[in-house]
1. Checking the table A:K104/B:K268; B:K202/B:K311; A:K4/B:K146; B:K142/B:K242; B:K202/B:K312; B:K323/B:K363 against a 19 Å threshold on Cα-Cα, which pairs fail?
2. Which of B:V10, B:V27, B:G84 sits farthest toward the positive end of the charge dipole of the protein assembly as shown, with +1 on the Cβ of Lys and Arg and -1 on the Cβ of Asp and Glu?
3. Looking only at trypsin sites (Lys or Arg not before Pro) in DSSP loops with at most 12 other Cβ atoms within 10 Å, what is the longest site-free stretch of chain B?
4. Would you mind telling me which residue in B:I327, B:I374, B:I275 has the biggest mean-square fluctuation in a Gaussian network model of chain B, where springs connect alpha carbons within a distance under 10 angstrom?
5. For B:I368, B:I347, which order do you get if you count the other beta carbons within 10 Å of each Cβ and list the fewest first?
6. Connecting C-alpha atoms closer than 10 Å in a GNM of chain B, tell me which of B:L316, B:L185, B:L81 has the biggest fluctuation.
7. What are the ³J(HN,Hα) couplings of the range B:173-181, residue after residue, when phi is run through the Karplus curve with 6.51, -1.76, 1.60 and θ = phi - 60°? Round to Hz, x for glycine and proline.
8. If amide hydrogens are placed 1.01 Å from N in the peptide plane, which non-local residues have theirs closer than 5 Å to the one on A:T73?
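All of the numbers you see were taken from the coordinates with simple rules; none came from a lab. All values derive from a computational prediction rather than experimental measurement. Reconstructed Cβ throughout: ideal geometry from the backbone, glycine too, with neighbour counts over all protein chains shown.
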Amino acid sequence: MKDKTILIICTTISLFGLILFGLFYEPEFKEKTINELILSEKEGESGIVKGRIDHVIKNNPITQFILNDGNTTLIYYPKSSNFQKNDFVTAYVVRNQNGLYAHKVVYSE
Amino acid sequence: MNIIYIIGGVIIGTITGLIPGLHTNNVCAILAISPFFGNEVMLFVLSMSITQAFVESIPSTFLSAPSQNTFEGVLPAHRMLLEGKGEEAVKLFVFGGLYGIIFGIALTPIFFEFIIENEGAIVLITPPIIFLALIIMITSEKTINKKIITILIMIIATTQGLLFKEQIFALITGYFGMAGVLYSLKEKTIHPKQNPTNETNKYPTAGFLGSIGGLIVALLPGLGASTAAGLIKTFKQKIHEKEYLTMIGSISTSNFFFGYLTMFAINKTRNGAMIALRDKIFFTQQTFYIGIITLIIAGIIGAIITLIITKKAVNLLNEKNTKNLEIISIIVMISAVVLQGGITGVIALILSTALGLTTITLKIKRSINMSALIIPTLFFYCFVLI
């Protein structure tokens, strides 16, 4: 087979891949509720959860707090912080076997 | 008794290194969900991984079937093969690998200190370095046309990386393994008479640069050996073919070395073998030293095995045998992808093979396909982590 034929076939397949991307791509971090993340059976499920901090277990050297968005869950954030009870925050989390692990937590606007 | 686990690791690492499509990460994935625990698992995993880092240079040189780590060295290695210097090419890679281990040991105290003190800063400097790597990939193409095509391939690879974020194995197999083997199947294989070599490697500088490359790969997510080599080439323009192979060998082994150190220093790692190990060992000083000694012993055994197999392979490989081995490696690669990723994996494999073949036929650097990992990582750092 000539290189030109290979190129035409491969380019067509690659462009078909772009169509698949347009049809099926879902952003990794979408806004979800705590319930949706906890009920999901998929390890590694990620999402953005917003809520009020019910209780801060510790702030240093890592942060652990209970987040409430109607349901409550423990969130583990591997950095120190100044979060306090009743702060409204947005957390980018991934579900793992120990609960919700936050990559980033910021104050909600 | 512990030597049994090292020997077991070396044997499995030799098999996974010799058969394109198989990878120690497949074995590690099984180990990660197994009940095995403790230093024995570590001895096995480290021996297996470092051995594969050496042995995979054989199919990369003789079968056009590179792995993610070795594909950048394939062109110079093939040129040498066609000149009857296939054995010398593998030898250069092996010496590079040994340099990687030597410089890895030498840099251990500095690296350990550095990573603990600068963990936060590393997160901050990661996006600019990744961005720089992407710019280098584009600007290293010589003509405007090729630069534009490179950007288009980058975009397509990124969409594949985002769409198949859980099928990294299938993507990498397609871009580098499958595409290379399929293309070489259509070519008439020429195996000129191979000359024995007594090459004693004289490129310690390339070995040292390679270990810096290994350090970059171990620390910065998304970057592979090829991209690290590209970054180094930017600062040291004239790298002789033989130096380049030495450097790639060094990146390959020192990456494991620094991956292991990173895991111990900050409990983070981006190396598949280390991810599997992380939940399997106790992080004590004794464990740390046992791991380092294992890497050194298994590395030396892996280097010797690679040289012995290469001597045999040189005599065995003719046109017919090579074609048969390439067909077998295609079957193994497809089977591994099906087992690991199912139907989604197969779709990812087809798309990534097509893109890999596109870069080969257009004579664009194949490392550009790594954008499938690099750009989603860049997005993650910019929009989530920072």
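1. Listed pairs above 19 Å: B:K202/B:K311; B:K142/B:K242; B:K202/B:K312; B:K323/B:K363.
2. B:G84
3. B:1-141
4. Result for chain B, Cα springs under 10 Å: B:I327 fluctuates most.
5. Least to most surrounded, the residues fall as B:I347, B:I368.
6. B:L316
7. Per residue, the Karplus-derived 3J(HN,Hα) values read 4, x, 4, 10, x, 4, 4, x, 5 Hz.
8. Residues meeting the amide H criterion: A:L67.
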